[in-house]
Amino acid sequence: MTKALKASGFLGLAVMMAVGLHQFTIVAGGDPVPPWMIGGHAHLGVLSILAIVMGFAVPALGVTGTLRTAVTALFIAGQWGIPGIVWLGEGFGLLFLMPTGFLWGIALIVSMLIMLYATLTGDVDAGGSPVSMAPSDD
């Protein structure tokens, strides 16, 4: 499952970079970049970086089973849902999609709360953390 998080993160960064190049061509042509395009670009970039980090954090914290599946599915849904509705809703005029932003945002929040739970209840060494880790790094 962490392969899915990492792959989604790298794919998201590639898409974000392609959108950035498109924005550059718009600006080079003398036109302003639409705000909705900038917002989706920024969200996809940040969430894609976090997806890669999550791909390493999930096994490091020893998240397994249903919680691991939930974290992966919820995070990937939010990673693509947030910028997707901005681009589709504002960019393509599909405004009926905009309220789903709450669902994608909640999906991201729930995945983070599961990781918080795993952090607070997990055994420090269970996830493969170095045994020599200083207590201040917990």
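The values are calculated or read from the model by the stated rules, or taken from the named source; none is laboratory data. Note that the structure is a prediction, hence the values are computed from the model and not measured. Here the Cβ is made from the backbone with ideal geometry for all residues, glycine too, and neighbour counts use every protein chain on show.
Considering only region 63-88, state which residues are more than 19 Å from VAL110 (Cβ to Cβ) and touching a residue at least 12 places away in the same chain (Cβ under 8 Å). I'd like the intermediate steps shown before the answer.
Filtering region 63-88 for residues more than 19 Å from VAL110 (Cβ to Cβ) gives 86-88.
Within region 63-88, VAL86, TRP87 qualify.
Filter region 85-114 for residues that are buried (at least 17 other Cβ atoms within 10 Å of the Cβ) and either in contact with a Pro (Cβ under 6 Å, 6 or more places away or on another chain) or at pLDDT 95 or above (or both) and give the result.
The answer is TRP104, ALA107, LEU108, SER111, ILE114.
Just checking, which of ALA42, ALA4, ALA70 is surrounded by fewer than 17 Cβ atoms within 10 Å (Cβ to Cβ), under 30 Å from GLY122 (Cβ atoms) and modelled with pLDDT under 95?
Working: ALA42 fails: under 30 Å from GLY122 (Cβ atoms); ALA70 fails: modelled with pLDDT under 95.
Just one listed residue meets the conditions, ALA4.
Suppose we filter region 16-61 for residues that are closer than 15 Å to TRP80 by Cβ and β-branched (Val, Ile, Thr); how many remain?
Total meeting the criteria: 4.
Kindly establish whether GLY29 is more than 22 Å from GLY101 (Cα to Cα) and over 11 Å from the mean Cα position of the chain (by Cα).
Details: more than 22 Å from GLY101 (Cα to Cα): yes; over 11 Å from the mean Cα position of the chain (by Cα): yes.
Yes, satisfied.
Please pick out the residue among PRO59, PRO32 that is over 18 Å from TRP104 (Cα atoms) and without any contact (Cβ under 8 Å) to a residue 12 or more places away in the chain.
On the way: PRO59 fails: without any contact (Cβ under 8 Å) to a residue 12 or more places away in the chain.
The unique qualifying residue is PRO32.
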